[in-house]
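First the structure, which I've put down as structure tokens, then a few questions once you've had a look.
The values are calculated or read from the model by the stated rules, or taken from the named source; none is laboratory data. Predicted, not measured: the structure shown is a model, and the values here were computed from it. All Cβ positions, glycine included, derive from the backbone under ideal geometry; neighbour counts span all protein chains shown. All accessible areas refer to the heavy atoms of the entire protein, side chains included, with ligands and DNA or RNA removed. Shrake-Rupley method; radii C 1.70, N 1.55, O 1.52, S 1.80 Å.
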Amino acid sequence: MKKFKNSWPGTLEDEYYKLVAEQLIELVNSYSWSSYRAKATSTPFKAEELKSLAWQVKNGEIAKSTISHAVEEYIDALQRDCAVKEICLQKGIDLASISPKSDASVDRIIMLTTTMIEVVSPDYIKFCISAVVEGCTVNKSKKRVREFLKLLVPALINSGVPRQWLYENTSQTFYKDEVSSLTPEKMKGFFNLFTEDTGKYCFLFKTNKEFGEYLKGLQEEIEVFTKPEDVPEGFASQIDRLPNVSGRKDVFVWMPYRKDRNPYSAARAFNQWISLFRSLLYLADVGRKGFTPKSALCLKEGEDHASLLYLNDFFHPGRERALEHGGAAKISDDLHRYAVQVAQSRTESVPQRFFSSLSAVSLAAKSQQPDSRILAVWAGFEGLLPPPPDQSVPRIVHFERMITPCVTADYVPRLFSEFRHDCLSINRAAVEKLIGENFGDHNALSSFIEIFYADGSIKSEFCSKIETSPLLLNRAYELEALANSAAKLQALRLSHIRRVRWQVNRIYRERNAIIHKASRTSVVQNLSEHAYSYFRSVILALESTFNRYGLADTDASLEFIRTQCNNLSQDIDKKVRNSSDFHSPEEQAKSVVKLTMDRRLREA
């Protein structure tokens, strides 16, 4: 997690403001664990999505059975969303007025989602902002602050606010020493940065002479310069940061001002515009080459200095943090050994499918277009995963059954290992010393987990080691509650599995819309990242199965992983039901945690 190094005065309000900063950064930072980052879709978006799907059913475009996951997810979102509940309470609306039953007719789904969209959704972002500010100043509730931030950020992103803009403004605002002067009014002003139009932006980039002249011919307002000294004011100080494209024939192209909410939204629109005309160039004249810039200088109207934006930075699949012993180098070596073993498979089609799928997905990492990334990743899944056993099983149902266990298998151990990693990043020496003196090997995750079962004095001492982070302290209390309740652990685990299933289905719907209708939703960017992350999880799960059990055949490994996860769910359910087998709830919960640790795919 990101550490805020500036001096915080230490007042009660500042502690809440720092919690806001840490939670916001974690939600939008591409280095955060995927389960800590903001969800891809907000409840208002789910309402729009379900209404659109219901209309497709009504128009005979798709079967009603294909939207069952979307209905299930929307109902679940309404039941969990405290913002929706409180808005409905304020307006005197019964939640049943916007929540369909799982077997509701298409017409009723359309009617109820329309009520949600027209009555609740318009106030959603504003209400979440007010709840966060009041949670810091009036209610003094850290739980409420975190809950509403987790609802607010996906809603902002779905409304078109890039995560880069959220990250940049949060870092700039909360890294300043004058953070001590924050007030409720200034906090609202901070959030208003993301809900209001902020100005006009123009761009300057380098390309080859032919492409520059081609763009100039398409739009008269575009300017092309051959010399750096001729470019407009505001770009001169940053001009050397633009990379060369074709050598001496490079030119500078200036794109006129356009209104947008922030520089990243403007850059995304600019990138799409350039890509469009580059595609038209290939269709119109195959003899020319269009060099799509990887970076451009952006200047806001009224400002003196431009900033450099990397246009391919819009793809953030998240980083697989090397929590295991040996780090990234060991993971790389293990993957190499696994690939060599797959290449020697006796089943002729296995290595061909495996390496073809890797080739397809590698294109996703290189593409700047999210719809192309989704198509490439799904092609990778189609190549890697075995076909359905028979035609009675829909392809998406089969793929969902194969993908979800690989993504969710180690969820509970990862909750604790991520927390341990963040605690060590705050105060490594003190935390390791505490673990070593009280629980043995300070490098072992199992030793670290013992903190949650220790006596009060040790827990208090541990909290004192991480007290500079309100977010970690709050998470410590949450994990303590989970670690001491088998039922809560299982409920959280099953909830995570359901969310991944819903997301796999959403990715598949997005892929179908792109292929069959050449259309895409506003969350295609997030979905492309999730698809890429899921594929990586599948590959790492296959490698781990080979490394731990010696199973190299991909089809057999996927079925093994699926069986292991199903058996784990059944065994945990048995422990939850048979509470009389344990002397205390703590013993029961420890048994469940140990079971998830013993069955994990990857060492932590």
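Filter the range 296-310 for residues that are in contact with a Pro (Cβ under 9 Å, 6 or more places away or on another chain) and open to solvent by 10 Å² or more (accessible area, probe 1.4 Å) and give the result.
Hits for the range 296-310 are 300, 307, 309.
Sort out which residues of the range 61-82 are within 15 Å of residue 105 (Cβ to Cβ) and not in a helix (DSSP H, G or I), and write them in order of number.
Within the range 61-82, just 63 meets the criteria.
Right, next: Pairs please, first residue from the range 113-129 and among the polar types (S, T, N, Q), second anywhere and open to solvent by 40 Å² or more (accessible area, probe 1.4 Å), Cβ atoms under 7 Å, 6+ apart in sequence or on different chains.
Filtered contacts from the range 113-129: 113/51; 114/51; 115/97.
Go over the candidates 561, 572 one by one and state the one that is more than 21 Å from residue 446 (Cβ to Cβ), in a helix (DSSP H, G or I), touching a residue at least 24 places away in the same chain (Cβ under 8 Å) and open to solvent by less than 20 Å² (accessible area, probe 1.4 Å).
None of the other options fit; the residue is 561.
Which ones in the range 488-547 are farther than 15 Å from residue 565 by Cα and of a type in the set (Val, Ile, Thr)?
504, 507, 514, 515, 521, 523, 524, 539
Does any residue of the range 401-413 turn out to be among the charged types (D, E, K, R) and either open to solvent by less than 60 Å² (accessible area, probe 1.4 Å) or closer than 24 Å to residue 483 by Cβ (or both)?
Looking through the range 401-413, at least one residue is among the charged types (D, E, K, R) and either open to solvent by less than 60 Å² (accessible area, probe 1.4 Å) or closer than 24 Å to residue 483 by Cβ (or both).
From 374, 396, which residue is open to solvent by 20 Å² or more (accessible area, probe 1.4 Å) and touching a residue at least 12 places away in the same chain (Cβ under 8 Å)?
Matching residue, one of 374, 396: 396.
Scan the range 507-551 for residues that are among the hydrophobic types (A, V, I, L, M, F, W, C), in a loop (DSSP other than H, G, I, E, B) and touching a Ser or Thr at 6+ places or on another chain (Cβ under 9 Å) and report the count.
Residues in the range 507-551 being among the hydrophobic types (A, V, I, L, M, F, W, C), in a loop (DSSP other than H, G, I, E, B) and touching a Ser or Thr at 6+ places or on another chain (Cβ under 9 Å): 2 in total.
Cβ-Cβ under 8 Å, sequence separation 6+ or interchain: first residue in the range 253-270 and in contact (Cβ under 8 Å) with a residue 12 or more places away in the chain and surrounded by 15 or more Cβ atoms within 10 Å (Cβ to Cβ), partner of a type in the set (S, T, N, Q) and part of a loop (DSSP other than H, G, I, E, B). Which pairs?
Close Cβ pairs satisfying both conditions: 260/198; 261/198; 262/198.
May I ask you to verify whether residue 522 is farther than 15 Å from residue 423 by Cα, open to solvent by 50 Å² or more (accessible area, probe 1.4 Å) and not aliphatic (A, V, I, L, M)?
So residue 522 passes the test.
Condition first: in the same structural domain as residue 27 (by the TED database), of a type outside the set (A, V, I, L, M), surrounded by fewer than 22 Cβ atoms within 10 Å (Cβ to Cβ) and within 18 Å of residue 478 (Cα to Cα). Can you find one or more residues in the range 149-163 that meet it?
Yes: one or more hits.
Of everything in the range 46-63, what is open to solvent by 30 Å² or more (accessible area, probe 1.4 Å) and farther than 17 Å from residue 508 by Cβ? Give them in sequence order.
48, 51, 55, 58, 59, 60 - these are the residues of the range 46-63 that are open to solvent by 30 Å² or more (accessible area, probe 1.4 Å) and farther than 17 Å from residue 508 by Cβ.
Can you go through 430, 379 and tell me which one is part of a helix (DSSP H, G or I), hydrophobic (A, V, I, L, M, F, W, C) and under 23 Å from the mean Cα position of the chain (by Cα)?
When all the criteria are applied, what remains is 379.
I'd like to know if the range 467-479 contains one or more residues that are closer than 23 Å to residue 582 by Cβ and not basic (Lys, Arg).
Yes: the range 467-479 contains one or more residues that are closer than 23 Å to residue 582 by Cβ and not basic (Lys, Arg).
Would you confirm, using the coordinates I've provided, whether residue 70 is of a type in the set (A, V, I, L, M) and over 20 Å from residue 155 (Cα atoms)?
For residue 70, the condition - of a type in the set (A, V, I, L, M) and over 20 Å from residue 155 (Cα atoms) - is not met.
Let me ask something additional. Under 8 Å by Cβ, and 6 or more places apart or on different chains, what pairs join a residue from the range 425-438 that is over 16 Å from residue 449 (Cβ atoms) with one that is of a type in the set (Ser, Thr, Tyr) and surrounded by fewer than 17 Cβ atoms within 10 Å (Cβ to Cβ)?
Qualifying pairs under 8 Å: 426/468; 427/468.
On to the next question. How many residues are in a helix (DSSP H, G or I) and either at positive phi or of a type outside the set (S, T, N, Q) (or both) if we restrict to the range 87-98?
The qualifying residues number 6.
Next up: How many residues are in contact with a Gly (Cβ under 7 Å, 6 or more places away or on another chain) and in a helix (DSSP H, G or I) if we restrict to the range 99-153?
The number of residues fulfilling the criteria is 3.
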